[in-house]
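Student: Below: one structure in structure tokens.
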Amino acid sequence: MLTDNIPLKKAVAWNGAAFKIPDAWEIDSLDLTHVMISENGSPRTEIKWTESSPSIPFEKQFRNFMARSQKLLKIIIHEEPTPPFFLHSNSSFDFFFFSWENASSKGVGTLIFCRHCRRLTLIRFFCLDRFLPASSAHGVLSSFTDHPLTSRVSWQLFGMAFSTPENFRLSDYSLKPGYFSFQFLSQNIHLTVLSWGPALFLLAEKTLVEFAGERLPELTGLAVTGTCDRGNYLEWSFRQGLFKNAGRLPFLSSYSRFTLFRIGHDKQNNRIYGVKIDSPRAFEIDLMKGSILGG
Amino acid sequence: MADKKKKPWTKQEALSCIPERNPGIEEFVPDTGGLILSFPVMYKPFFMRLQRFLRSNVQKTFRRKIQLDGLGMDVWSLVDGKRDVKAVIKDFAGLHGLDEKEAEISVTLFLRSLGQKGLIRIKER
């Protein structure tokens, strides 16, 4: 239940939002601005957010978001006072506590407005009458952050953990059993984070080079080897034209892109990870290599 | 007449079901590795009629074979008629160091396809 003192050990970080949940809870569904957490198929908490525009007055934005959330989630919201014991370490957060109900369920929740990043977040908890100190709900709220405190955004879900520079926005993602992919975009630099598993099975009959060649047929040239905190890796760096031999035609050379692809076997987590960076300018690849991959 | 349509299982109910192997399945290991499961399948009515038209000794079933890879073999070995779906998922995730949610999706999809082929039946607890 939500009222007992369960330690929150599992960290979830998705698209800027980060919080901790009990071990038994898991991500049930997610999209770019929404995460649903459940326990054995029963919903526990739902988090939904939106960016608030500085040109629209906050009160109007707040009312719109509340109205939209009530309509979307098919719930009725009643305002509640802030629990007297509740404190959050982030002073830029404004909390608006509420209780909610619909035909089949009820619970409590809060709307958080961050004065730093102007993000409006609605967090609601299921099957809970009120917030209690040392409850899981209180723990989730206390650990919640909606923007990174450093210049890097953390991503932590389904056993994956990595960080990206804050100027990169998630443009696409795919979470299929055995294969995760996250695509980020900043101006015209593409960053793709990939993960395959289980690694021991995938690499049982082939080498990492063969595996990489199968997944990225465009890989050309020889790979250099290196070591990072996740173990040994292979790295390719090459230039891709619009079509084969396009680089030989000077007027097409401006359309070519420089690509860096790093793949490694994370033995501790039994996964194969890959990072692909591609940019129209070679120097950006070197900069990204230094800032994202650590040299 | 009252609608006697069975209510669909909740996730929790589905995960507490016990998958059991079809006793008519034959298993053999090919030289190429993996595991081949051979199981009887009923002919479609059209092919039964065609058989009757072409010859006198009509066979009602034939054996279909499917080959399991290493991961499929692991799930198959966990389907022992004692473990429920949740235990199969947990053990499979532990075996391969997978996140439980990832294991849940892949194992349930695999069990569903085995069930559709008639290789396993699902016993309610």
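Student: Among the residues of the stretch B:15-25, is there at least one that is within 23 Å of A:Phe158 (Cα to Cα) and part of a helix (DSSP H, G or I)?
Tutor: yes
Student: Can we say A:Asp94 is charged (D, E, K, R), part of a strand (DSSP E or B) and under 19 Å from A:Phe126 (Cα atoms)? Write out each step before concluding.
Tutor: Values: charged (D, E, K, R): yes; part of a strand (DSSP E or B): yes; under 19 Å from A:Phe126 (Cα atoms): no.
No; evaluated as a whole, the condition is false for this residue.
Student: Give me the helices (runs of 4 or more DSSP H) completely within the stretch B:32-125, filtered to those with at least 3 residues that are within 14 Å of chain A (Cβ to nearest Cβ) and touching a Ser or Thr at 6+ places or on another chain (Cβ under 8 Å), ordered by residue number. Please lay out each step first, then the result.
Tutor: Numbers: elements: B:45-54, B:70-78, B:85-96, B:100-117.
Hits in the stretch B:32-125: B:85-96.
Student: Taking the stretch A:268-291 only, how many residues are within 22 Å of the chain's Cα centre (by Cα), open to solvent by 50 Å² or more (accessible area, probe 1.4 Å) and more than 14 Å from every other protein chain (Cβ to nearest Cβ)?
Tutor: 2
Conditions tested, residue by residue: (1) modelled with pLDDT of 90 or more; (2) among the charged types (D, E, K, R); (3) under 17 Å from A:Phe125 (Cβ atoms).
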site: A:Glu51; (1), (2), (3): no, yes, no
site: A:Phe58; (1), (2), (3): no, no, no
site: A:Phe65; (1), (2), (3): no, no, no
site: A:Ser69; (1), (2), (3): no, no, yes
site: A:Leu73; (1), (2), (3): no, no, yes
site: A:His78; (1), (2), (3): yes, no, yes
site: A:Pro83; (1), (2), (3): no, no, yes
site: A:Leu87; (1), (2), (3): no, no, no
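Student: Further question: Going residue by residue through the stretch A:80-91, is there one that turns out to be aromatic (Phe, Trp, Tyr) and either touching a residue at least 60 places away in the same chain (Cβ under 8 Å) or in contact with a helix residue (DSSP H, G or I) (Cβ under 6 Å, 6 or more places away or on another chain) (or both)? Give the steps one after another, and end with the answer.
Tutor: Narrowing the stretch A:80-91 to residues aromatic (Phe, Trp, Tyr): A:85-86.
In the following step, the residues that additionally are either touching a residue at least 60 places away in the same chain (Cβ under 8 Å) or in contact with a helix residue (DSSP H, G or I) (Cβ under 6 Å, 6 or more places away or on another chain) (or both) were identified as none.
Looking for residues that are aromatic (Phe, Trp, Tyr) and either touching a residue at least 60 places away in the same chain (Cβ under 8 Å) or in contact with a helix residue (DSSP H, G or I) (Cβ under 6 Å, 6 or more places away or on another chain) (or both), one finds none in the stretch A:80-91, hence no.
Student: Residues that are part of a strand (DSSP E or B) and of a type outside the set (D, E, K, R): does the stretch A:49-70 have at least one?
Tutor: Start the filter on the stretch A:49-70 by keeping residues that are part of a strand (DSSP E or B), which leaves A:49-51.
From what's left, of a type outside the set (D, E, K, R): A:49-50.
Within the stretch A:49-70 (the criterion being part of a strand (DSSP E or B) and of a type outside the set (D, E, K, R)), the answer is yes, since at least one residue qualifies.
Student: With the structure loaded, tell me whether A:Asp28 is open to solvent by 60 Å² or more (accessible area, probe 1.4 Å), outside any strand (DSSP E or B), within 14 Å of chain B (Cβ to nearest Cβ) and acidic (Asp, Glu) or whether it fails that test.
Tutor: Details: open to solvent by 60 Å² or more (accessible area, probe 1.4 Å): yes; outside any strand (DSSP E or B): no; within 14 Å of chain B (Cβ to nearest Cβ): yes; acidic (Asp, Glu): yes.
For A:Asp28, the condition - open to solvent by 60 Å² or more (accessible area, probe 1.4 Å), outside any strand (DSSP E or B), within 14 Å of chain B (Cβ to nearest Cβ) and acidic (Asp, Glu) - is not met.
Student: Is it the case that some residue within the stretch A:46-64 is acidic (Asp, Glu), surrounded by 12 or more Cβ atoms within 10 Å (Cβ to Cβ), under 28 Å from B:Glu100 (Cα atoms) and in contact with a Gly (Cβ under 9 Å, 6 or more places away or on another chain)?
Tutor: Looking for residues that are acidic (Asp, Glu), surrounded by 12 or more Cβ atoms within 10 Å (Cβ to Cβ), under 28 Å from B:Glu100 (Cα atoms) and in contact with a Gly (Cβ under 9 Å, 6 or more places away or on another chain), one finds at least one in the stretch A:46-64, hence yes.
Student: Do we have any residue at all in the stretch B:71-88 that's in contact with a strand residue (DSSP E or B) (Cβ under 8 Å, 6 or more places away or on another chain) and at positive phi?
Tutor: Scanning the stretch B:71-88, I find at least one residue that is in contact with a strand residue (DSSP E or B) (Cβ under 8 Å, 6 or more places away or on another chain) and at positive phi, so the answer is yes.
Student: Whether any residue in the stretch A:125-139 is in a loop (DSSP other than H, G, I, E, B), polar (S, T, N, Q) and either more than 15 Å from A:Phe19 (Cβ to Cβ) or open to solvent by 20 Å² or more (accessible area, probe 1.4 Å) (or both) is what I want to check.
Tutor: Of all residues in the stretch A:125-139, those in a loop (DSSP other than H, G, I, E, B) come to A:127-135.
Adding the requirement that they be polar (S, T, N, Q) leaves A:135.
Now restrict to residues that are either more than 15 Å from A:Phe19 (Cβ to Cβ) or open to solvent by 20 Å² or more (accessible area, probe 1.4 Å) (or both): none.
No; the residues of the stretch A:125-139 include none that is in a loop (DSSP other than H, G, I, E, B), polar (S, T, N, Q) and either more than 15 Å from A:Phe19 (Cβ to Cβ) or open to solvent by 20 Å² or more (accessible area, probe 1.4 Å) (or both).
Student: Using the structure shown, decide if A:Ile21 is open to solvent by 50 Å² or more (accessible area, probe 1.4 Å) and touching a residue at least 60 places away in the same chain (Cβ under 8 Å).
Tutor: On the way: open to solvent by 50 Å² or more (accessible area, probe 1.4 Å): no; touching a residue at least 60 places away in the same chain (Cβ under 8 Å): yes.
Answer is no for this residue.
Student: Okay, next question. May I ask you to verify whether B:Ser77 is closer than 15 Å to B:Ile120 by Cα, of a type in the set (Ser, Thr, Tyr) and open to solvent by 60 Å² or more (accessible area, probe 1.4 Å)?
Tutor: Numbers: closer than 15 Å to B:Ile120 by Cα: yes; of a type in the set (Ser, Thr, Tyr): yes; open to solvent by 60 Å² or more (accessible area, probe 1.4 Å): yes.
When the stated conditions are applied, B:Ser77 passes them.
Student: Among A:Pro165, A:Pro198, A:Pro217, which is the only one that is in contact (Cβ under 8 Å) with a residue 12 or more places away in the chain and either within 14 Å of chain B (Cβ to nearest Cβ) or exposed (fewer than 15 other Cβ atoms within 10 Å of the Cβ) (or both)? It would help to see each step written out before you state the result.
Tutor: Details: A:Pro165 fails: either within 14 Å of chain B (Cβ to nearest Cβ) or exposed (fewer than 15 other Cβ atoms within 10 Å of the Cβ) (or both); A:Pro217 fails: in contact (Cβ under 8 Å) with a residue 12 or more places away in the chain.
On inspection, the qualifying residue turns out to be A:Pro198.
Student: Please name all residue pairs, on different chains or six or more residues apart, with Cβ atoms under 9 Å, provided the first residue is in the stretch A:50-68 and is in the same structural domain as A:Thr110 (by TED's automatic domain parsing) and in contact (Cβ under 8 Å) with a residue 60 or more places away in the chain and the second residue is open to solvent by 80 Å² or more (accessible area, probe 1.4 Å) and assigned to a helix (DSSP H, G or I).
Tutor: Going by the 9 Å Cβ cut-off, the qualifying pairs are A:Thr50/A:Arg68.
Student: Under 8 Å by Cβ, and 6 or more places apart or on different chains, what pairs join a residue from the stretch B:33-55 that is more than 20 Å from B:Leu119 (Cα to Cα) with one that is among the hydrophobic types (A, V, I, L, M, F, W, C) and not in a strand (DSSP E or B)?
Tutor: Listed by first residue and then by second, the contacts come to B:Met48/B:Val58; B:Gln51/B:Val58; B:Arg52/B:Val58.
Student: Answer yes or no as to whether A:Ala212 is away from chain B (no Cβ under 14 Å) and in a loop (DSSP other than H, G, I, E, B). First the steps, then the outcome.
Tutor: Working: away from chain B (no Cβ under 14 Å): yes; in a loop (DSSP other than H, G, I, E, B): no.
When the stated conditions are applied, A:Ala212 does not pass them.
Student: Sticking with this one: For the subset of the stretch A:220-235 comprising residues that are within 27 Å of the chain's Cα centre (by Cα) and among the hydrophobic types (A, V, I, L, M, F, W, C), which member is farthest from A:Val275 (Cα to Cα)?
Tutor: Once the filter is applied, the top-ranked residue is A:Cys228.
Student: Taking A:Leu132 and the conditions (1) under 17 Å from A:Ile27 (Cα atoms); (2) of a type outside the set (Ser, Thr, Tyr); (3) in the same structural domain as A:Asn102 (by TED's automatic domain parsing), which numbered condition does it fall short on, given that it satisfies the others?
Tutor: A:Leu132 satisfies all of (1) under 17 Å from A:Ile27 (Cα atoms); (2) of a type outside the set (Ser, Thr, Tyr); (3) in the same structural domain as A:Asn102 (by TED's automatic domain parsing) except (1).
The values are calculated or read from the model by the stated rules, or taken from the named source; none is laboratory data. All values derive from a computational prediction rather than experimental measurement. No Cβ is skipped: glycine too gets one built from the backbone with ideal geometry, and neighbour counts run over all protein chains shown. Just so you know, the surface numbers come from the protein's heavy atoms only, side chains and all, with ligands and any DNA or RNA stripped out. Shrake-Rupley method; radii C 1.70, N 1.55, O 1.52, S 1.80 Å.
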